[in-house]
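Working notes, structure below.
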Amino acid sequence: MQDINTLSDSSKVWIYQSNRPFTEEELTKLQPILAQFANQWVSHNRQLKSFGKVFHNQFVVLMVDETQAGASGCSIDSSVHFMKKVEETFQVNLFDRMRFTYKEGDQIKTASREEFAQLYASGSINDETLVFDTLVKTKKDFQEQLVKSLNQSWHKRMV
């Protein structure tokens, strides 16, 4: 597994958002499994320059620097299969794209689309609430735009 700093800014990013934070015990088990997957991830028998890590105890992030070798359909399928195993092992949901994660003070919270809209309507969250944009596509965007205000995110269309 590469260090994130060795990957190009254009590296492709996949973010799998958990429906709940991982516990410290779970993170101790998950990080080595994730590192092992990243170390062995291949595309057409070529080693991918890849990275995997859990961020904010809630986001499983995979990155591939495609300047060396591109991620193929088969390699992407293998990552999805791997993430399904992670889901099963840790009893989390990593594929619900209609869960939104946001900051409330120092806490990270998640809500369904409906709950998120209700929080906005009630004023519990507003245009300045910081949200996590799990749709960022590159390492550079991940580092610079993962967390942004609601009014600067696609989340705004959902409220």
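The values are calculated or read from the model by the stated rules, or taken from the named source; none is laboratory data. This is a predicted model, so every value here is computed, not measured. Glycine gets a Cβ as well: all are built from the backbone with ideal geometry, and neighbour counts include every protein chain shown.
Observations on the structure shown:
- Scan of the range 35-55 for residues that are over 22 Å from Ser10 (Cβ atoms) and either at pLDDT below 95 or exposed (fewer than 15 other Cβ atoms within 10 Å of the Cβ) (or both), ordered by number: Ala35, Gln36, Gln40, Asn45
Residue-wise test of (1) out of contact with any strand residue (DSSP E or B) (no Cβ under 6 Å at 6 or more places or on another chain); (2) loosely packed, with under 15 Cβ neighbours inside 10 Å; (3) free of Cβ contacts under 8 Å to residues at least 40 places away in the same chain.
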| site | (1), (2), (3) |
| --- | --- |
| Met83 | no, no, no |
| Gln91 | yes, yes, yes |
| Arg99 | no, no, no |
| Glu104 | yes, yes, yes |
| Ala111 | no, no, yes |
| Thr129 | no, no, yes |
| Leu150 | no, no, no |
| Ser153 | no, no, yes |
| Lys156 | yes, yes, yes |
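Let's see how each residue does on (1) at pLDDT below 95; (2) closer than 30 Å to Asp3 by Cα; (3) out of contact with any Lys or Arg (no Cβ under 6 Å at 6 or more places or on another chain); (4) not polar (S, T, N, Q):
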{"residue": "Asn93", "(1), (2), (3), (4)": "no, yes, yes, no"}
{"residue": "Arg99", "(1), (2), (3), (4)": "yes, yes, yes, yes"}
{"residue": "Ala117", "(1), (2), (3), (4)": "no, no, yes, yes"}
{"residue": "Tyr120", "(1), (2), (3), (4)": "no, no, yes, yes"}
{"residue": "Asn126", "(1), (2), (3), (4)": "no, no, yes, no"}
{"residue": "Leu130", "(1), (2), (3), (4)": "no, yes, no, yes"}
{"residue": "Lys156", "(1), (2), (3), (4)": "yes, no, yes, yes"}
{"residue": "Val159", "(1), (2), (3), (4)": "yes, no, yes, yes"}
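- Residue within the range 107-123 that is assigned to a helix (DSSP H, G or I), more than 25 Å from Ser11 (Cβ to Cβ) and aromatic (Phe, Trp, Tyr) present: yes
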